[in-house]
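J.: Can you read through this structure? Questions will come right after.
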Amino acid sequence: MDMSWLGLPRSTRHGAARPASEVFVPTALSTQLDADEEVDLDETEEDTGEEAQSTSEIKDQEDETKSTGRRVSRRRSANPEDAAENDAEGDPEASSLPYRIVEKLEHNEWLREVGDEGVWTLSSAKPGNGADQLRDGDPDTFWQSDGSHPHLINVHFQKKLRLQEVALYLDYRCDESYTPAKISIRVGTDLHDVEEVQCVELDQPQGWVVIPIGAAPASHMGPDAGASLGVCRAHVLQIAILQSHQNGRDTHVRQVKIFSPRESALRNYGLDLPKFTSNLYQMYSTIR
């Protein structure tokens, strides 16, 4: 059969394979294929651009969040006191507690520790865990009571002292059910007329629990001790452990410190002069 009228080369008419580049494609079909390829390429580019844009936006948001977090953390670390105040403002219960808990007692130039000026007695004690362990300055030792509640710590002073704060070191992690849960602070001229000036309830305390004396009864207020300062004058200070955690029977108290306002004649006259820091100048800071 003669196929020369188709206009094809002789090699094609005899069934020989032709290179791919020489395959004949009608012009209309070729134009349609090119248009479809361009549309596919445009859609692919649009999808890629949208994905890149969304990825960029997510990355910018993450960077902004990280930078904001760093700024907040730096601000809090730079001003820990402000952060503590903000936390106290955010937690009304924390700001209204009649005590505070600190890890370490900071030096206060207006307070002095007067525990060594008193005679310490206990309602009960286990052998080797008595009053000496309350005052040895070692938080690893403790007083352990031996009996039923209340457990009492009595401090007798030779003269009336102005008392402002009582600090107890408690460790719930180590003592658990031995840890005091309710403490009463009482003052008086002797053990027969002590009156309660402060009562606090604790929840798993860890560290120094600083309890202000508060507004003492009128019978124990000195002429120079205002109720706003929480200062009272007393011969006897009594710390009563009324309840322990988990209904424990005995109690552990590791350290006790008693603070009194430091006497200053200039301060009584309204003169608040700076304190000397060197030993040489401190020798001449008062007139004896």
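J.: 7 Å from Cα along Cα→Cβ at both Tyr284 and Thr189: what's the point-to-point distance in nm?
T.: Each label point lies 7 Å from its Cα, and together they span 4.4 nm.
J.: Given 25 °C and 0.890 mPa s, compute D for the range 100-264 with the Stokes-Einstein relation, Rh being the Kirkwood radius over Cα pairs; round to the nearest whole µm²/s.
T.: Stokes-Einstein gives a translational diffusion coefficient of 155 µm²/s.
J.: Which of the peptides 107-117, 194-204, 235-245 is most tightly packed, and how do the rest follow, going by the mean number of other Cβ atoms within 10 Å of each residue?
T.: Packing proxy ranking, top to bottom: 235-245, 194-204, 107-117.
J.: Please compute the net charge surrounding Ala181, taking Lys and Arg as +1 and Asp and Glu as -1 over other residues with Cβ under 9 Å from its Cβ.
T.: In short, -1.
J.: Going 7 Å from the Cα of Val210 along its beta-carbon direction, which residues of the range 104-128 have the amide nitrogen within less than 19 Å of the resulting point?
T.: Zone members listed by number: 104-116.
J.: To the nearest 0.05, what FRET efficiency results for Gln158 and Gln246 with a Förster distance of 41 Å applied to their C-beta separation?
T.: The value I calculate is 0.55.
J.: Right, something else. Kindly flag which residue pairs out of Lys104/Lys159; Lys160/Lys182; Lys160/Lys257; Lys104/Lys126; Lys126/Lys182; Lys126/Lys257 have an alpha-carbon separation exceeding 25 Å in this structure.
T.: In this structure, Lys104/Lys159; Lys160/Lys182; Lys104/Lys126 lie more than 25 Å apart at Cα.
J.: Gain in length, Glu263 to Val102, computed as 0.36 nm per residue apart minus the alpha-carbon separation, to one decimal in nm?
T.: Net length gain for the segment: 55.4 nm.
Every number here is computed from the coordinates shown, using simple stated rules; none is lab data. These figures come from a predicted structure and were not determined experimentally. With ideal geometry, Cβ positions are generated from the backbone for all residues, glycine too; neighbour counts draw on all protein chains shown.
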